[in-house]
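Data first, discussion second: the structure below is written as C-alpha coordinates.
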Amino acid sequence: MAQQFTVTERPDRLAEAERLAVLADPGFGKTFTDHMVVATWNPEEGWHDWQVKPYGPLELDPSAAVLHYAQEIFEGLKAYRHEDGSVWTFRPRSNAARFARSAARLALPALPEEAFLESLKQLVAIDEAWVPGAEAGESSLYLRPFMFASESFLGVRPALGVTYSVIASPAGAYFSGGVKPVSLWISQHYSRAGVGGTGAAKCGGNYAASLAAQIEASEHGCDQSVFLDSVEQKWIEELGGMNLFLVYADGRLVTPALTGSILEGVTRDSILELAKDLDLQPEERRVSIDEWREGVESGQITEAFACGTAAVVTPVGRLVWEGGELAMGPEGTAGPVADKIRSTLLGIQKGQLEDSHDWLFRLV
Ligand code: COI
(Lines give C-alpha, C1' and ligand atoms only; values in the text may rest on other atoms or scores of the structure.)
Protein backbone atom coordinates (compact mmCIF):
# COMPACT_ATOMS: atom_id res chain seq x y z
CA MET A 1 0.00 0.00 0.00
CA ALA A 2 1.24 3.49 -0.82
CA GLN A 3 2.63 5.47 2.11
CA GLN A 4 0.55 8.31 3.49
CA PHE A 5 2.79 11.31 3.96
CA THR A 6 2.06 14.06 6.45
CA VAL A 7 3.26 17.24 4.76
CA THR A 8 4.34 20.21 6.87
CA GLU A 9 5.31 23.11 4.67
CA ARG A 10 8.05 25.41 5.74
CA PRO A 11 6.67 28.93 6.34
CA ASP A 12 10.05 30.57 5.74
CA ARG A 13 11.38 29.07 2.50
CA LEU A 14 14.63 30.59 1.26
CA ALA A 15 13.88 33.75 -0.71
CA GLU A 16 13.91 33.33 -4.49
CA ALA A 17 16.87 35.67 -5.03
CA GLU A 18 18.97 33.70 -2.54
CA ARG A 19 17.92 30.37 -4.01
CA LEU A 20 18.80 31.54 -7.53
CA ALA A 21 22.19 32.72 -6.27
CA VAL A 22 22.85 29.19 -4.93
CA LEU A 23 21.65 27.59 -8.18
CA ALA A 24 23.96 29.82 -10.22
CA ASP A 25 27.00 28.18 -8.61
CA PRO A 26 25.91 25.23 -6.48
CA GLY A 27 29.22 23.39 -5.98
CA PHE A 28 28.56 20.01 -4.38
CA GLY A 29 26.77 19.15 -1.13
CA LYS A 30 26.93 22.59 0.45
CA THR A 31 23.36 23.88 0.41
CA PHE A 32 20.15 21.98 1.15
CA THR A 33 16.60 22.53 0.01
CA ASP A 34 13.72 23.70 2.20
CA HIS A 35 12.31 20.27 3.08
CA MET A 36 13.25 16.70 3.91
CA VAL A 37 11.54 13.32 4.15
CA VAL A 38 11.65 11.34 7.41
CA ALA A 39 10.14 7.95 8.28
CA THR A 40 10.55 5.61 11.23
CA TRP A 41 10.78 1.85 11.58
CA ASN A 42 10.37 -0.52 14.48
CA PRO A 43 9.62 -4.25 14.49
CA GLU A 44 6.03 -3.78 15.75
CA GLU A 45 4.85 -1.15 13.26
CA GLY A 46 7.27 -1.57 10.37
CA TRP A 47 7.81 1.66 8.37
CA HIS A 48 5.47 4.37 9.61
CA ASP A 49 5.12 8.08 10.35
CA TRP A 50 6.06 9.20 6.81
CA GLN A 51 6.66 12.93 6.84
CA VAL A 52 7.67 15.72 4.52
CA LYS A 53 8.81 18.49 6.82
CA PRO A 54 11.04 21.56 6.97
CA TYR A 55 14.72 20.72 6.53
CA GLY A 56 16.46 20.82 9.88
CA PRO A 57 18.48 18.94 12.50
CA LEU A 58 17.48 15.41 13.48
CA GLU A 59 17.15 14.83 17.19
CA LEU A 60 19.27 11.87 18.28
CA ASP A 61 19.99 10.48 21.71
CA PRO A 62 23.77 10.38 22.37
CA SER A 63 23.41 6.61 22.73
CA ALA A 64 21.87 6.20 19.24
CA ALA A 65 23.51 3.07 17.83
CA VAL A 66 24.58 4.72 14.57
CA LEU A 67 26.89 7.07 16.47
CA HIS A 68 28.74 4.13 17.98
CA TYR A 69 28.54 1.24 15.52
CA ALA A 70 27.96 2.99 12.18
CA GLN A 71 24.86 1.00 11.22
CA GLU A 72 24.05 3.30 8.29
CA ILE A 73 23.54 3.20 4.52
CA PHE A 74 22.84 5.79 1.82
CA GLU A 75 22.15 6.36 -1.86
CA GLY A 76 22.87 9.10 -4.36
CA LEU A 77 20.71 10.08 -7.35
CA LYS A 78 20.09 13.26 -9.31
CA ALA A 79 16.96 15.05 -10.51
CA TYR A 80 17.30 16.76 -13.90
CA ARG A 81 15.04 19.39 -15.42
CA HIS A 82 14.12 18.88 -19.06
CA GLU A 83 13.44 21.53 -21.65
CA ASP A 84 9.63 21.33 -21.11
CA GLY A 85 10.01 21.96 -17.34
CA SER A 86 9.38 18.35 -16.28
CA VAL A 87 11.76 16.79 -13.73
CA TRP A 88 13.24 13.31 -14.10
CA THR A 89 15.65 11.03 -12.33
CA PHE A 90 17.84 8.23 -13.66
CA ARG A 91 17.37 4.49 -12.96
CA PRO A 92 16.00 4.98 -9.42
CA ARG A 93 14.89 1.34 -9.27
CA SER A 94 18.57 0.36 -9.46
CA ASN A 95 19.28 2.62 -6.50
CA ALA A 96 16.29 1.17 -4.62
CA ALA A 97 17.60 -2.36 -5.28
CA ARG A 98 21.11 -1.45 -4.14
CA PHE A 99 19.65 0.27 -1.06
CA ALA A 100 17.89 -3.01 -0.25
CA ARG A 101 21.15 -4.98 -0.69
CA SER A 102 23.02 -2.47 1.47
CA ALA A 103 20.27 -2.71 4.12
CA ALA A 104 20.55 -6.50 4.19
CA ARG A 105 24.36 -6.32 4.58
CA LEU A 106 24.13 -3.77 7.41
CA ALA A 107 21.27 -5.65 9.12
CA LEU A 108 18.85 -2.77 8.55
CA PRO A 109 15.19 -3.27 7.59
CA ALA A 110 14.21 -3.47 3.93
CA LEU A 111 12.53 -0.41 2.47
CA PRO A 112 10.07 -1.34 -0.31
CA GLU A 113 10.95 -0.02 -3.77
CA GLU A 114 7.65 1.86 -4.03
CA ALA A 115 8.32 3.66 -0.73
CA PHE A 116 11.80 4.63 -1.94
CA LEU A 117 10.42 6.01 -5.23
CA GLU A 118 7.52 7.81 -3.53
CA SER A 119 9.86 9.48 -1.03
CA LEU A 120 11.88 10.95 -3.92
CA LYS A 121 8.73 12.16 -5.66
CA GLN A 122 7.39 13.80 -2.50
CA LEU A 123 10.58 15.71 -1.79
CA VAL A 124 11.17 16.86 -5.36
CA ALA A 125 7.52 17.91 -5.72
CA ILE A 126 7.65 20.24 -2.71
CA ASP A 127 11.16 21.54 -3.50
CA GLU A 128 10.81 21.63 -7.28
CA ALA A 129 12.01 25.24 -7.43
CA TRP A 130 15.43 23.93 -6.35
CA VAL A 131 15.91 21.84 -9.50
CA PRO A 132 18.23 23.86 -11.75
CA GLY A 133 16.84 24.95 -15.12
CA ALA A 134 17.30 22.89 -18.28
CA GLU A 135 19.83 25.44 -19.52
CA ALA A 136 22.03 25.00 -16.42
CA GLY A 137 24.64 22.73 -18.04
CA GLU A 138 25.31 19.68 -15.91
CA SER A 139 23.73 21.14 -12.75
CA SER A 140 21.03 19.03 -11.13
CA LEU A 141 19.41 18.42 -7.77
CA TYR A 142 21.34 15.71 -5.91
CA LEU A 143 19.07 13.44 -3.85
CA ARG A 144 20.51 11.67 -0.82
CA PRO A 145 18.31 8.95 0.73
CA PHE A 146 19.82 7.43 3.89
CA MET A 147 18.88 5.06 6.69
CA PHE A 148 20.43 4.66 10.12
CA ALA A 149 20.11 2.97 13.52
CA SER A 150 18.40 5.57 15.70
CA GLU A 151 17.63 3.28 18.64
CA SER A 152 19.18 4.37 21.96
CA PHE A 153 21.08 1.24 22.92
CA LEU A 154 24.76 0.38 23.32
CA GLY A 155 24.53 -3.39 22.91
CA VAL A 156 25.93 -4.63 19.61
CA ARG A 157 22.95 -6.04 17.68
CA PRO A 158 20.75 -4.89 14.80
CA ALA A 159 18.85 -1.80 15.97
CA LEU A 160 15.15 -2.03 16.76
CA GLY A 161 14.61 1.62 15.96
CA VAL A 162 15.61 2.91 12.53
CA THR A 163 15.17 6.21 10.69
CA TYR A 164 14.94 6.75 6.92
CA SER A 165 15.38 10.19 5.47
CA VAL A 166 15.88 11.94 2.13
CA ILE A 167 17.56 15.31 1.74
CA ALA A 168 18.35 17.21 -1.46
CA SER A 169 21.13 19.54 -2.51
CA PRO A 170 21.67 21.45 -5.75
CA ALA A 171 24.82 20.13 -7.42
CA GLY A 172 27.25 21.33 -10.05
CA ALA A 173 30.57 19.60 -10.74
CA TYR A 174 31.71 17.31 -7.89
CA PHE A 175 35.33 18.48 -8.07
CA SER A 176 35.96 22.12 -7.33
CA GLY A 177 38.04 22.49 -10.52
CA GLY A 178 35.06 21.49 -12.69
CA VAL A 179 35.42 18.69 -15.25
CA LYS A 180 39.16 18.84 -15.65
CA PRO A 181 41.21 15.63 -15.31
CA VAL A 182 41.98 14.46 -11.77
CA SER A 183 45.20 12.96 -10.43
CA LEU A 184 45.14 9.62 -8.62
CA TRP A 185 47.38 8.32 -5.86
CA ILE A 186 47.85 4.54 -5.67
CA SER A 187 47.30 3.69 -2.03
CA GLN A 188 49.63 0.93 -0.88
CA HIS A 189 49.07 1.32 2.86
CA TYR A 190 45.31 1.32 2.99
CA SER A 191 42.60 -0.91 1.60
CA ARG A 192 39.02 0.21 1.31
CA ALA A 193 37.34 -3.15 1.77
CA GLY A 194 38.16 -6.83 2.08
CA VAL A 195 36.66 -10.15 1.05
CA GLY A 196 33.40 -10.71 2.94
CA GLY A 197 33.38 -7.12 4.15
CA THR A 198 31.01 -4.27 3.30
CA GLY A 199 32.74 -3.04 0.13
CA ALA A 200 29.73 -3.67 -2.12
CA ALA A 201 27.33 -1.93 0.28
CA LYS A 202 26.84 1.81 0.18
CA CYS A 203 27.47 2.35 3.87
CA GLY A 204 29.08 5.33 5.55
CA GLY A 205 31.81 3.19 7.10
CA ASN A 206 33.36 2.47 3.69
CA TYR A 207 33.72 6.18 3.07
CA ALA A 208 35.18 6.78 6.54
CA ALA A 209 37.71 4.02 5.80
CA SER A 210 38.77 5.82 2.61
CA LEU A 211 39.66 9.11 4.29
CA ALA A 212 43.15 8.30 5.59
CA ALA A 213 44.10 7.29 2.05
CA GLN A 214 42.52 10.53 0.82
CA ILE A 215 44.84 12.47 3.16
CA GLU A 216 47.78 10.49 1.80
CA ALA A 217 46.67 11.36 -1.74
CA SER A 218 46.49 15.07 -0.89
CA GLU A 219 49.95 14.93 0.69
CA HIS A 220 51.22 13.64 -2.64
CA GLY A 221 49.46 16.40 -4.57
CA CYS A 222 46.67 14.10 -5.82
CA ASP A 223 42.91 14.57 -5.93
CA GLN A 224 41.85 11.00 -5.08
CA SER A 225 43.20 7.61 -4.03
CA VAL A 226 42.81 4.48 -6.12
CA PHE A 227 42.33 1.40 -3.98
CA LEU A 228 43.84 -1.99 -4.78
CA ASP A 229 42.55 -5.34 -3.54
CA SER A 230 43.31 -6.05 0.10
CA VAL A 231 44.89 -9.51 -0.44
CA GLU A 232 47.54 -9.03 -3.12
CA GLN A 233 47.58 -5.22 -3.36
CA LYS A 234 47.67 -5.77 -7.09
CA TRP A 235 44.20 -5.59 -8.59
CA ILE A 236 42.49 -2.25 -9.18
CA GLU A 237 39.23 -1.84 -7.28
CA GLU A 238 37.78 1.68 -7.19
CA LEU A 239 38.33 5.20 -5.89
CA GLY A 240 36.17 5.06 -2.79
CA GLY A 241 33.46 7.34 -4.19
CA MET A 242 33.76 6.37 -7.86
CA ASN A 243 34.30 3.38 -10.15
CA LEU A 244 37.07 3.32 -12.72
CA PHE A 245 37.31 2.55 -16.48
CA LEU A 246 40.32 2.13 -18.78
CA VAL A 247 40.06 2.86 -22.51
CA TYR A 248 42.16 0.75 -24.88
CA ALA A 249 43.40 1.85 -28.32
CA ASP A 250 41.62 -1.14 -29.90
CA GLY A 251 38.18 -0.06 -28.61
CA ARG A 252 37.98 -2.13 -25.44
CA LEU A 253 36.50 -0.41 -22.39
CA VAL A 254 37.66 -2.26 -19.30
CA THR A 255 36.46 -1.95 -15.71
CA PRO A 256 37.31 -4.09 -12.67
CA ALA A 257 34.83 -6.94 -12.25
CA LEU A 258 32.52 -6.80 -9.22
CA THR A 259 34.21 -8.97 -6.63
CA GLY A 260 32.09 -8.16 -3.59
CA SER A 261 34.46 -5.45 -2.40
CA ILE A 262 33.62 -2.91 -5.14
CA LEU A 263 30.54 -0.71 -5.16
CA GLU A 264 28.05 -1.74 -7.85
CA GLY A 265 27.80 1.71 -9.40
CA VAL A 266 24.65 2.60 -11.34
CA THR A 267 26.75 4.89 -13.56
CA ARG A 268 29.28 2.05 -14.01
CA ASP A 269 26.51 -0.29 -15.13
CA SER A 270 25.02 2.34 -17.47
CA ILE A 271 28.40 2.96 -19.11
CA LEU A 272 28.82 -0.78 -19.74
CA GLU A 273 25.47 -0.65 -21.59
CA LEU A 274 26.23 2.60 -23.44
CA ALA A 275 29.60 1.23 -24.58
CA LYS A 276 27.80 -1.19 -26.88
CA ASP A 277 25.79 1.67 -28.44
CA LEU A 278 29.06 3.55 -29.00
CA ASP A 279 30.81 0.63 -30.72
CA LEU A 280 33.13 0.00 -27.80
CA GLN A 281 33.73 -3.47 -26.38
CA PRO A 282 32.98 -3.47 -22.65
CA GLU A 283 34.91 -5.90 -20.48
CA GLU A 284 34.50 -6.61 -16.78
CA ARG A 285 37.50 -8.47 -15.46
CA ARG A 286 40.44 -8.25 -13.09
CA VAL A 287 42.86 -5.47 -14.05
CA SER A 288 46.22 -5.19 -12.34
CA ILE A 289 47.92 -1.93 -11.58
CA ASP A 290 50.86 -3.17 -13.69
CA GLU A 291 48.56 -3.65 -16.69
CA TRP A 292 47.47 -0.04 -16.27
CA ARG A 293 51.02 1.32 -15.99
CA GLU A 294 52.42 -0.81 -18.81
CA GLY A 295 49.39 -0.15 -21.03
CA VAL A 296 49.87 3.60 -20.76
CA GLU A 297 53.60 3.28 -21.44
CA SER A 298 53.04 1.09 -24.52
CA GLY A 299 50.20 3.25 -25.84
CA GLN A 300 47.66 0.41 -25.51
CA ILE A 301 45.71 2.31 -22.86
CA THR A 302 44.77 5.73 -24.13
CA GLU A 303 42.44 7.06 -21.42
CA ALA A 304 41.17 6.38 -17.94
CA PHE A 305 38.15 7.88 -16.26
CA ALA A 306 36.28 7.71 -12.98
CA CYS A 307 32.50 7.60 -12.84
CA GLY A 308 29.69 7.92 -10.34
CA THR A 309 26.43 9.76 -9.81
CA ALA A 310 28.16 12.75 -8.24
CA ALA A 311 31.23 12.77 -10.51
CA VAL A 312 29.39 11.68 -13.72
CA VAL A 313 32.47 10.91 -15.88
CA THR A 314 35.72 12.46 -14.72
CA PRO A 315 38.90 11.88 -16.73
CA VAL A 316 42.11 10.76 -14.99
CA GLY A 317 45.07 12.96 -15.91
CA ARG A 318 47.88 11.54 -13.78
CA LEU A 319 48.65 8.36 -11.85
CA VAL A 320 51.12 8.71 -8.96
CA TRP A 321 52.68 6.11 -6.66
CA GLU A 322 55.58 5.83 -4.21
CA GLY A 323 58.56 6.63 -6.42
CA GLY A 324 56.89 7.23 -9.78
CA GLU A 325 54.17 8.81 -11.85
CA LEU A 326 52.57 8.62 -15.29
CA ALA A 327 50.73 11.23 -17.32
CA MET A 328 47.56 10.11 -19.08
CA GLY A 329 47.26 12.07 -22.33
CA PRO A 330 48.01 15.76 -22.80
CA GLU A 331 47.76 17.57 -19.48
CA GLY A 332 44.43 19.19 -18.66
CA THR A 333 42.41 17.56 -21.44
CA ALA A 334 39.79 14.85 -21.33
CA GLY A 335 40.14 12.01 -23.83
CA PRO A 336 37.61 11.72 -26.66
CA VAL A 337 36.06 8.49 -25.34
CA ALA A 338 35.47 9.87 -21.82
CA ASP A 339 34.06 13.01 -23.43
CA LYS A 340 31.67 11.06 -25.64
CA ILE A 341 30.44 8.84 -22.80
CA ARG A 342 29.97 11.82 -20.53
CA SER A 343 28.00 13.82 -23.10
CA THR A 344 25.88 10.79 -24.06
CA LEU A 345 25.01 10.02 -20.45
CA LEU A 346 24.21 13.65 -19.62
CA GLY A 347 22.27 14.01 -22.88
CA ILE A 348 20.02 11.10 -21.90
CA GLN A 349 19.65 12.34 -18.32
CA LYS A 350 18.71 15.84 -19.45
CA GLY A 351 16.25 14.58 -22.07
CA GLN A 352 18.31 15.82 -25.01
CA LEU A 353 19.09 12.34 -26.38
CA GLU A 354 16.74 9.42 -26.86
CA ASP A 355 16.29 7.29 -23.73
CA SER A 356 16.50 4.03 -25.64
CA HIS A 357 17.24 1.98 -22.50
CA ASP A 358 14.17 3.29 -20.67
CA TRP A 359 16.29 4.65 -17.85
CA LEU A 360 14.41 7.86 -17.02
CA PHE A 361 11.75 8.09 -14.32
CA ARG A 362 9.50 11.12 -14.03
CA LEU A 363 9.40 12.83 -10.63
CA VAL A 364 7.38 15.98 -11.41
C1 COI B 1 27.62 9.41 -5.56
O2 COI B 1 28.23 9.47 -6.63
O3 COI B 1 26.40 9.61 -5.48
C4 COI B 1 28.32 9.08 -4.34
O5 COI B 1 27.73 8.55 -3.48
C6 COI B 1 29.75 9.43 -4.25
C7 COI B 1 30.10 10.37 -3.14
C8 COI B 1 29.55 11.74 -3.27
C9 COI B 1 29.91 9.78 -1.79
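Figure the gain on full extension for E354 and D61 (residue separation times 0.36 nm, minus the Cα-Cα span) and round it to one decimal in nm.
Details: separation 293, 0.36 × 293 = 105.48 nm, distance 4.87 nm.
That pair, E354 and D61, stretches by 100.6 nm at full extension.
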Exercise. Can you give the Kirkwood hydrodynamic radius for the stretch 143-186, in Å, rounded to one decimal and based on Cα pairs?
Worked result: 14.3
Exercise. With every protein chain left in place, what is the accessible area of Y174 in Å² (1.4 Å probe, nearest 10)?
Worked result: 90
Problem set entry | In the stretch 37-142, GluC sites (Glu not before Pro) in a DSSP loop with at most 15 other beta-carbon atoms within 10 Å | E44, E45, E59, E83, E135
Exercise. Projected onto the charge dipole of the chain (+1 at Lys/Arg Cβ, -1 at Asp/Glu Cβ, origin at the Cα centre), which of V182, L60, T259 gives the Cα projection farthest towards the positive end?
Worked result: L60
Exercise. How big is the charge dipole of the stretch 182-349 about its Cα centre, in debye rounded to the nearest 20, if each Lys and Arg gets +1 on its Cβ and each Asp and Glu gets -1 on its Cβ?
Worked result: 360
For this session: Counting other Cβ atoms within 10 Å, keep those with at most 14, restrict to DSSP loop, and tell me which GluC sites (Glu not before Pro) in the stretch 294-341 are left.
Result: E322, E331
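Rounded if a/c is under 1.5, else prolate if a/b is larger than b/c, else oblate: which is the stretch 301-342, with a ≥ b ≥ c the root eigenvalues of its Cα gyration tensor? The partial results should precede the final answer.
Values: a/c = 2.76, a/b = 1.58, b/c = 1.75.
Taking the square roots of the gyration eigenvalues as a ≥ b ≥ c, the stretch 301-342 is oblate.
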Seminar exercise, completed: Taking a probe of 1.4 Å and leaving out DNA, RNA and ligands, the stretch 95-207 shows per residue an accessible area in Å² of 35
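Between their Cα atoms, which of K53/K340; K78/K234; K30/K234; K276/K350; K53/K202; K121/K180 are more than 29 Å away from each other? Walk me through the intermediate numbers first.
Values: K53/K340 40 Å; K78/K234 34 Å; K30/K234 36 Å; K276/K350 21 Å; K53/K202 25 Å; K121/K180 33 Å.
Flagged as over cut-off: K53/K340; K78/K234; K30/K234; K121/K180.
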Exercise. In nm, what is the difference between 0.36 nm times the number of residues separating L326 and F361 and their Cα-Cα distance?
Worked result: 8.5 nm
For this session: Mind listing the long-range amide H neighbours of S187? Cut-off is under 5 Å, sequence gap 5 or more, other chains count too, H placed in the peptide plane at 1.01 Å from N.
Result: V226, L228
For this session: Report the dimensions of the chain along its three principal axes from the alpha-carbon atoms, largest first, rounded to Å.
Result: 61, 52, 35
Exercise. Using a simple charge model, +1 on the beta-carbon of Lys and Arg, -1 on the beta-carbon of Asp and Glu, nothing else, what dipole does the stretch 11-133 show about its Cα centre, in debye to the nearest 20?
Worked result: 560
Exercise. Taking only C-alpha pairs under 8 Å that are 6+ residues apart, what is the relative contact order of the stretch 201-244 in percent?
Worked result: 28
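Where does each of 9-17, 49-57 land if you order them by average Cβ count within 10 Å, highest first?
On the way: 9-17: 11.3, 49-57: 14.8.
So the order, starting with the most tightly packed, is 49-57, 9-17.
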Seminar exercise, completed: If amide H atoms are modeled at 1.01 Å from N in the peptide plane, then the residues at a separation of 5 or more from K234, or on another chain, having amide H under 5 Å from its own are D229
For this session: Describe numerically, in nm with one decimal, the distance between label points set 7 Å from Cα along Cα→Cβ at K30 and at E135.
Result: 2.3
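If we sort 87-98, 148-159 on the protection proxy, mean other Cβ atoms within 10 Å, highest first, what's the order? Don't skip to the answer; put the middle values down first.
On the way: 87-98: 20.3, 148-159: 16.9.
Listed from highest to lowest mean packing, they are 87-98, 148-159.
Defining a contact as two alpha carbons under 8 Å apart and six or more residues distant in sequence, what relative contact order in percent does the stretch 6-171 show? Don't jump to the answer; show the numbers that get you there.
Working: 325 pairs, mean separation 55.9, N = 166.
Rounded, it is 34 percent for the stretch 6-171.
The values are calculated or read from the model by the stated rules, or taken from the named source; none is laboratory data. Predicted model only: the values in this text are computed from it and were never measured. As a convention, Cβ positions derive from the backbone with ideal geometry for all residues, glycine included, and neighbour counts pool all protein chains shown. Each accessible area value is taken on the protein alone, full model and side chains, heavy atoms only, with ligands, DNA and RNA left out. Shrake-Rupley method; radii C 1.70, N 1.55, O 1.52, S 1.80 Å.
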